[in-house]
Structure formats: C-alpha cells, structure tokens
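K.L.:
Below you'll find the structure I mean.
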Amino acid sequence: MIFEEIYNTYWQKIFRLCMGYVNDNDIAQDLAQETFIIVWQQLPKFRNESNIGTWIFRIASNNCLRQIEKEKRIIKTELPINLKEENQESIEPKIQKLYKFISELPETERIIISLELEEIKQAEIANIVGLSEANVRVKIHRIKEKLMQKFKGNEQ
C-alpha cells in the first residue's frame, strides 16, 4: 500500500480518534498530521506483522497520550475577561457533546470507545490497547452506559 492510499483511507478515522482524545479541532488536526508524518517516516520499516490499520491506530494513540501528558505539565490560566470565546459550530451539537463526554473519560476508555466508533474489530482494539478481547467487550459496554448516563443527565 502506498502512502497516499494509506492517508486517504485513514485520515478521517485518525482525526476522529484524536478528536475523542482532545476534543479540540485544531489540536486533533495537528495530532493527526503528526501521526501521518510518523507513518510516512516509519512505513519502510513496517513488517506486516499486524494489520496496517492497527499499526496506524497505535501510533495515533501513543501520539494522543503524549499530548495529554504534555497538557498535564502545562499550567493553565484563564483567558483575559475581554476576550470572546469563539465556538465552532461545524459539527452537530450532539456530536460535539459526544466528543466532550468522550474527552472526559479516562485515557484507556477514550481510546477504546474512539476505536469502537471507528468500527475497528474488538480483537484489533484489544491488540492496540493491550487488553484481552473479553475485557475490551466489557469495557465497551460500560463506557457506552457511562456516555448514555452523561447524555441523560445533560438533557435537563
């Protein structure tokens, strides 16, 4: 598979995965781009020991986790009062809420549900996150329940 095909096949999926981690359009774009830079650099070394999609999702996950670690080290301050916050309305409100709720989940749950939303097989998800397939199935069920509760609690 040539890089251009890989990019065209996986760009949207990787972007949505990154969105699930950071819930910020610009940062998700940057993370997705960084992921594909790594894929491009490492593609000659890829040994076909796993599915190429699994390999790319693992790179993206590791990239997102590094970003989260960086953010934890940065001291956050409030915006000056006179600045207006611009909200992007490009994504449907319910999808924006979903990304917000996903971004509030613990890191492992974020990656699992993001991969599930990309319709990645549970066996592959287990391989990416290093858990058993049965454990992934249970976690997906529990994560979906958590997200449903957040939606129900947010409707009022």
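K.L.:
Could you report the chain's accessible area per residue, 1.4 Å probe, as an integer in Å²?
P.N.:
Accessible area per residue, the chain: 66 Å².
K.L.:
Sticking with this structure for a sec: Among Lys70/Lys152; Lys94/Lys144; Lys70/Lys146; Lys70/Lys100; Lys100/Lys139; Lys72/Lys144, which pairs are too far apart, with a Cα-Cα distance over 22 Å?
P.N.:
Among Lys70/Lys152; Lys94/Lys144; Lys70/Lys146; Lys70/Lys100; Lys100/Lys139; Lys72/Lys144, the Cα-Cα distance tops 22 Å for Lys70/Lys152; Lys70/Lys146; Lys72/Lys144.
K.L.:
When the helix-only estimate is applied to the chain (DSSP H runs of n ≥ 4, each -39,500 (n - 2.57), divided by the residue count), what is the mean residue ellipticity at 222 nm, nearest 500 deg cm²/dmol?
P.N.:
Estimated from H runs of four or more residues: -24000 deg cm²/dmol.
K.L.:
Now, a different point. Sort 27-37, 142-152 by the packing proxy (mean of other Cβ within 10 Å over each peptide's residues), most packed first.
P.N.:
Packing proxy ranking, top to bottom: 27-37, 142-152.
K.L.:
Could you tell me the relative contact order of the chain? Use alpha-carbon pairs under 8 Å, at least six residues apart, and round to a whole percent.
P.N.:
Relative contact order here is 27 percent.
The values are calculated or read from the model by the stated rules, or taken from the named source; none is laboratory data. A quick note: this is a predicted structure, and the numbers were derived from the prediction, not measured. Positions of Cβ are backbone-derived with ideal geometry, glycine not excepted, and every protein chain shown enters the neighbour counts. Keep in mind that these areas ignore ligands, DNA and RNA; they rest on the heavy atoms of the full protein, side chains included. Shrake-Rupley method; radii C 1.70, N 1.55, O 1.52, S 1.80 Å.
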